[in-house]
1. Under 18 Å Cα to Cα from residue B:320, which lysines show up? Leave out anything in the same chain fewer than 8 places away.
2. Which distances, in nm and shortest first, link the residue A:352 label point to the same label point in every other copy, taking 7 Å along Cα→Cβ?
3. Rounded to the nearest 0.05, what FRET efficiency do residue B:376 and residue A:498 give with R0 = 60 Å and r taken as the Cβ-Cβ distance? Could you check?
4. Per residue of segment B:11-17, in order, report the coupling 6.51 cos²θ - 1.76 cosθ + 1.60 (Karplus, θ = phi - 60°) as ³J(HN,Hα) in whole Hz, putting x for Gly and Pro.
5. Report the full-extension gain for the segment residue A:21 to residue A:432: residue separation times 0.36 nm, less the Cα-Cα distance, to one decimal in nm.
6. About the Cα centre, and with charges only on the beta carbon of Lys, Arg (+1) and Asp, Glu (-1), how big is the dipole of the protein assembly as shown? Nearest 20 debye, please.
7. Using 5 Å bins from zero, what percent of all Cα-Cα pairs in segment B:392-520 falls into each bin?
8. Got the residue B:401 label distances to the other copies yet, label 7 Å along Cα→Cβ, in nm, shortest first?
2 protein chains.
Amino acid sequence: MAKNDAPKTAITPTRAEDYAEWYQQVVRAADLAESSPVRGCMVIKPWGYALWENIQRELDRMFKATGHKNAYFPLFIPKSFLEKEAEHVEGFAKECAIVTHHRLVAGPEGGLVPDPEAKLEEPLIVRPTSETIIGAAFASWVQSYRDLPLLINQWANVVRWELRTRLFLRTTEFLWQEGHTAHATEEEARAETMQMLDVYTTFAEEFMAMPVIKGPKTASERFPGAVDTFAIEAMMQDRKALQAGTSHFLGQNFAKASGIKFQTAKETEEYAWTTSWGVSTRLIGGLLMTHADDDGLILPPRLAPAHVVILPVLRGDDTKAKVMEYVDAVAAELRSTSYGGRPIEVEVDKRDIRGGDKQWEWIKKGAPIRIEIGPRDVDGNVVMVARRDRGTKDKATLGRAELVTKIPEILADIQNGLLAKAKQHRAANTKRIDDMKDFEKFFTAKNEDKPEIHGGFALAHWSGEPEVEAHLKDKFKVTIRCIPLSGIDGVADAKDLQEEGRCIVSGKPSRQRVVFAKSY
Amino acid sequence: MAKNDAPKTAITPTRAEDYAEWYQQVVRAADLAESSPVRGCMVIKPWGYALWENIQRELDRMFKATGHKNAYFPLFIPKSFLEKEAEHVEGFAKECAIVTHHRLVAGPEGGLVPDPEAKLEEPLIVRPTSETIIGAAFASWVQSYRDLPLLINQWANVVRWELRTRLFLRTTEFLWQEGHTAHATEEEARAETMQMLDVYTTFAEEFMAMPVIKGPKTASERFPGAVDTFAIEAMMQDRKALQAGTSHFLGQNFAKASGIKFQTAKETEEYAWTTSWGVSTRLIGGLLMTHADDDGLILPPRLAPAHVVILPVLRGDDTKAKVMEYVDAVAAELRSTSYGGRPIEVEVDKRDIRGGDKQWEWIKKGAPIRIEIGPRDVDGNVVMVARRDRGTKDKATLGRAELVTKIPEILADIQNGLLAKAKQHRAANTKRIDDMKDFEKFFTAKNEDKPEIHGGFALAHWSGEPEVEAHLKDKFKVTIRCIPLSGIDGVADAKDLQEEGRCIVSGKPSRQRVVFAKSY
């Protein structure tokens, strides 16, 4: 990306200067979240939480439209429950928060200590995910094939004791939803797994304006205990991949571990087939790294907590009343208009601070449209409109009468433009690679402008050997993000990728190109 | 309550037979929640969670309308944070879940144990409430009087290690919202405390149809660390009180503990004044005990997950298509109608089970209106309407054309009727008592029909002595629920209660009657 025309950007450093630090600075400048005094846990601030609420609302609607109901299960999982599925506990034992006592008592050296007499007989694990505790409930809910399918979702907090954390992308505690379903047949459970993968794909593209590639993960990247894990993978602006959501076909593994059995129509007893699927507050990190620029966050209108921010330009008391009356009327007109099936959200920033500071605050926060209204605009019955996806000095005059039709159009244009731009970026940095030298160059070549940025997504042949994966991960920190089931606009259709070829490392026959990339 | 005319009720035992067990059986029959394998933690099932979602939606709207914004803070509180406010830690140390380790490792006797090498330097407390961790954030957010007021709310799970638990009423983990605000002056913080008490009062009465008495608690019943605690208190059908929500004026106690300081307009430095206020999933227990009867739950329409349940009566294949077509059309018509500012929620129960079973299931779940539609109704262009607040055999025929106007009217009538009935019950069981013998009789007299049920709310004079409170609590298990700021319909206006008198125990001069009751 070319440097801004302005001598200085709102975010220091820029993406080109230090991408990782730029990310932290955008989170901070947009007032999305901050680190807390609790290791690896974040405070999600009002602007970040409002974004999460919008993500929740849209996903929740999609889950309910596909027949799922919300419920809530305990935060704590008895250790013995986690141990019921061998691979599962193996995957989570190393990074879990363990509750061992239920009372504090005065310690021998002053201060309070866990009371030795209030030690739990069995330690409780703060849920890292809920397959085992929800499985126990399902086991009692499901008796007959008539009780199936059971389609449940939970909005909750989970804890994974990560050593290296980064706001939104990897935190010890995070917020998510976890869907858990049980079915009478493998076919139905597989269909559910794919349906939810498609829901995530639709959500990512239509709401987040973040194009994704969907497909199964390789065996080494599966969820602990799953038979198959499917993911949606997005390309960030530094060309790394972000796993943005996963949908797992769990086979009968967890049904056997938890005892989810049912009587079939033929009166035989069988284990149910289960799935689980989730997305988390990580999506906010993905949204940021897809759209933000060197001036801060850029919010896709369909998820923005405020679509339009009105900034009254107040110059002296004599015109103040006139301007505010006009501002309130414009706000009311816009609020009675809708975009994307919802009323337009308008924030009027009446704070008594410098106009320039106000402007930059909303630029950094990524509000899609800013409207400035001063005394002369009132006299001319117009407003000044600035789009966040254009340069910060690019402003247009709109007649007041046009607003209710123009603003929804502009919002739609911003939404579409963001998706198109993200697709273009992905297409420009996705390459078919058939030669190991090219592969090495793709992932190691330095670019003078952006020394830390590698090539992007490599579509290369892989024969299915885990050794090849391990070798490439070890040598280049590159992993197979997924075996693509969807195409990549401007690069390849899905069916083009399922071609015959030879593994880029071993030379063995391969039936498909897979997506290799560095990742978060 | 008189026994039902029917030979048998859907809930066994009835309220009169065993109120406590009746409660558990209604929770179960209405499919609201169940106990989990984790001590004291519940699973909130879809019907119960949908009710919670409706409670959340309405409260959230009211919080936002009063200027509050949602945010999210860490689940864990470092022990040293809890210790910053002496009364606060004293109040919660005895019942908190403590995280001491962050990894499981293979134990010497097989199985996994907390890894001694992954012991936390400082134990973390699973939040029982978040004043201290939110206070730490506020301390960094507030610099100047311009940053105030700070008006934040959090929807979250909290954990209090209760020894005796009961679904919804008292559980180890529960869901709640906790508002936390900081203000520049005591006056503003006190106004906020009262505003939120009023929001809770409005919500309880207008949405839950549960009349409440609002007022301050006595010193012995205050939130640990608060200067003043205000509560809303409701009367359950067994005449006990339920504290349904609290709003705390925290003075500068937590500001001093957390260091929430600001520069005033006069450039002096001062501690902020803070408040906190919360309601929880306990409300669901209160709603149940206010309205449910011996046939199960009765939901106030403004919070019901489904306003109308349509039960197609399918007799043989020849009429099935005709009935279903009519059912779908009626459902669509009702869904395009609104009640209480929202579209009417219609559930069509198409399950292939016995009609009687279906009916009783929805009676037990408390759906406000059931509509039965059979082949003859289709021919007559009518439907059969049954109201949950009437006898189970009380059904009326309504013409299809009337439905879109009549159903919202019936819903409003049910909502109003539930509130009126609850007020009547409270009025019938609230007495002014001025003599200790009457007080004793009120709280200990046995009633032949309902041996466990005592008198209800006693409005008696109290001079303010803690010894009197302790004595009455010890002798009768009766506490002062609040010093009423609101009147009690049909019994007394608020100002009538602020009369001069003499303490019922000590005979000392008193300036007001307070509400004495047994409670949950």
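1. Within the straight-line cut-off, residue B:320 pairs with B:350, B:358.
2. 7.2
3. Numbers: r = 58 Å, r/R0 = 0.96.
The formula returns an efficiency of 0.55 here.
4. 9, 10, x, 7, 4, 5, 6
5. Values: separation 411, 0.36 × 411 = 147.96 nm, distance 3.07 nm.
Full extension of this stretch gives 144.9 nm more.
6. Details: 142 positive and 152 negative charges, 93 e Å.
Once rounded to the nearest 20, the dipole reads 440 debye.
7. Pairs per bin, as whole percents: 2, 9, 16, 18, 14, 10, 7, 6, 6, 5, 3, 2, 1, 0.
8. List, nearest first: 4.3 nm.
The values are calculated or read from the model by the stated rules, or taken from the named source; none is laboratory data. Computed from a predicted model, the values in this text were never measured in an experiment. A quick note on method: Cβ atoms are made from the backbone with ideal geometry, for glycine too, and the neighbour counts reach across all protein chains shown. What goes into the accessible areas is simple: the full protein's heavy atoms, side chains included, and nothing from ligands, DNA or RNA. Shrake-Rupley method; radii C 1.70, N 1.55, O 1.52, S 1.80 Å.
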